[in-house]
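Trainee: Structure provided below as structure tokens; questions to follow.
Every number here is computed from the coordinates shown, using simple stated rules; none is lab data. As the structure is a computational prediction, the values presented were derived from the model and not from experiment. Note that each Cβ is placed from the backbone with ideal geometry, even for glycine, and that neighbours are counted across all protein chains shown.
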Ligand code: NIG
Ligand code: FE
């Protein structure tokens, strides 16, 4: 064990979220030594022999990894409260989309918005997540669809990471909806996505991954496959919105391209879960969208569990299907609506969410990981997913710094 370090958090119960004999990977009476922004030691206080420059007494409270929200669309302009009313008056999400509303209405508003206005509203939403303990956030584009607005969105998303104590991962979601200028020509639009936007996004290093909406109101599997091929050629990771409203076998296709994650997956069949297992792909559950769209088809949780496919949980924060800026509410929904256990739900917003972003240096409390940590005044980790809007961290460390 290293003898000296910058910082020591001691007198804490630690939910490391590592697999082991204890639920939540718990270490009672623990301590965490931090040096240069990283965790260098985790263990019981009795065995801790480091000499820190600064010590912090955790007062017996619970220390958890910072949360990871691995699927959001939180850079956008406007709102869709009118569509909420339309749905409550009997129209479906699909019908609204087919009439030119839905994603396209947010595209209109986002194209018109200045980068400053987009950033201000994104900061407000991201701040709500930070106050609940989120320290890594994925943000998708996809409300611009033209080159300039997609770049504007991705730049705004990346700026969040310089303005706030947050690590940002960005995803280019060009194949989200067919923009008006390509009406009737989805192949032409996919050409544009693959030949004009993706090379530019890659050249400017604006995104880590590429995502698609594989659905009748989105893009066909063949069109999505063209996007995946281009992404792979450019060295970008693949993610996919699949099987949200119907079973187009999008998950199998995404797994053929070693997708980091397949997201939504309510209509994924139990048989097709094997493809996720084979390709080491994370199943991202988005119970907020399931709830908000009043869906009834649930993802194949039992099969995912049986195959030991890692399940992540995310907010899907967006104006149309999941206007929910609360990761813990979504973790609660994953338990109540999808029957995850509280431990599965907490793994879903920590270790498995990190894996859905291709990251193995966070979401767990372990030597070598980033020191993104939150201290909670709770008696048990399950409390965090049981209560709604009741808990906020009493202390937060981002890269080892108290924020
Ligand atoms: O994850 N499914 C596609 N995209 C978003 C919704 C976008 C919207 O309705 O604005 C989702 O649910
Ligand atoms: Fe989404």
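Trainee: Could the peptides 203-210, 170-177 be put in order, highest first, of the mean number of other beta-carbon atoms found within 10 Å of their residues? It would help to have the intermediate numbers written out before the result.
Mentor: Numbers: 203-210: 18.5, 170-177: 27.0.
Those peptides, ordered most packed to least, come out 170-177, 203-210.
Trainee: I want to verify a result. In a Gaussian network model of the chain, Cα cutoff 10 Å, which of these has the top mean-square fluctuation: 224, 48, 335?
Mentor: Looking only at 224, 48, 335, the largest GNM fluctuation is found for 48.
Trainee: Sticking with this one: Name the most mobile residue of 288, 101, 59, meaning the one with the largest mean-square fluctuation, in a Gaussian network model of the chain with Cα contacts below 10 Å.
Mentor: Looking only at 288, 101, 59, the largest GNM fluctuation is found for 59.
Trainee: Under a 10 Å cutoff between Cα atoms, tell me which one of 238, 197, 68 has the largest fluctuation in the Gaussian network model of the chain.
Mentor: Maximum fluctuation in the GNM of the chain, among the listed residues, is at 197.
Trainee: Percent of Cα-Cα pairs more than 37 Å apart in the chain, please.
Mentor: In whole percent, the long-distance tail amounts to 20.
Trainee: Where both partners of a DSSP beta bridge lie in the chain, what percent of those bridges are antiparallel, to the nearest 5? Please list the in-between numbers first.
Mentor: Numbers: 24 of 58 bridges.
Percent antiparallel among DSSP bridges in the chain is about 40.
Trainee: Further, regarding this structure: Could you tell me which of rounded, prolate or oblate describes the range 206-362, using a ≥ b ≥ c as the square roots of the eigenvalues of the alpha-carbon gyration tensor, with rounded for a/c under 1.5 and, failing that, prolate when a/b is larger than b/c and oblate otherwise? Could you put the intermediate results ahead of the total?
Mentor: On the way: a/c = 1.40, a/b = 1.30, b/c = 1.08.
Taking the square roots of the gyration eigenvalues as a ≥ b ≥ c, the range 206-362 is rounded.
Trainee: What angle do you read, to the nearest 10 degrees and between 0 and 90, between the alpha-carbon axis of helix 327-338 and the longest principal axis of the chain?
Mentor: Around 70 degrees separate the two axes.
Trainee: How much FRET efficiency would the formula 1/(1 + (r/R0)^6) give for residue 191 and residue 367, where r is the Cβ-Cβ distance and R0 is 56 Å, rounded to 0.05? Write out the running numbers ahead of the final one.
Mentor: On the way: r = 48 Å, r/R0 = 0.86.
The value I calculate is 0.70.
Trainee: Same structure, new question: I'd like to compare 357-369, 149-161: which one has the highest average count of other Cβ atoms within 10 Å, and what's the full order after that? Write out the running numbers ahead of the final one.
Mentor: Working: 357-369: 20.1, 149-161: 22.0.
Peptide ranking by packing, descending: 149-161, 357-369.
Trainee: Need the full-extension length gain, residue 98 to residue 383, defined as separation in residues times 0.36 nm minus the C-alpha distance. One decimal, nm.
Mentor: Details: separation 285, 0.36 × 285 = 102.60 nm, distance 4.16 nm.
Full-extension gain reported as 98.4 nm.
Trainee: Right, another one. Contact order normalised by length for the chain, with contacts defined as Cα pairs under 8 Å and 6 or more residues apart; what percent is it? Each step should come with its number before you reach the end.
Mentor: Working: 946 pairs, mean separation 75.5, N = 403.
It rounds to 19 percent for the chain.
Trainee: Rounded to the nearest 500, what is the chain's calculated 222 nm mean residue ellipticity when only DSSP H runs of at least 4 contribute -39500 (n - 2.57) each, over all residues?
Mentor: Numbers: 16 runs with 138 residues, N = 403.
After summing the helix terms and dividing by residue count, I get -9500 deg cm²/dmol.
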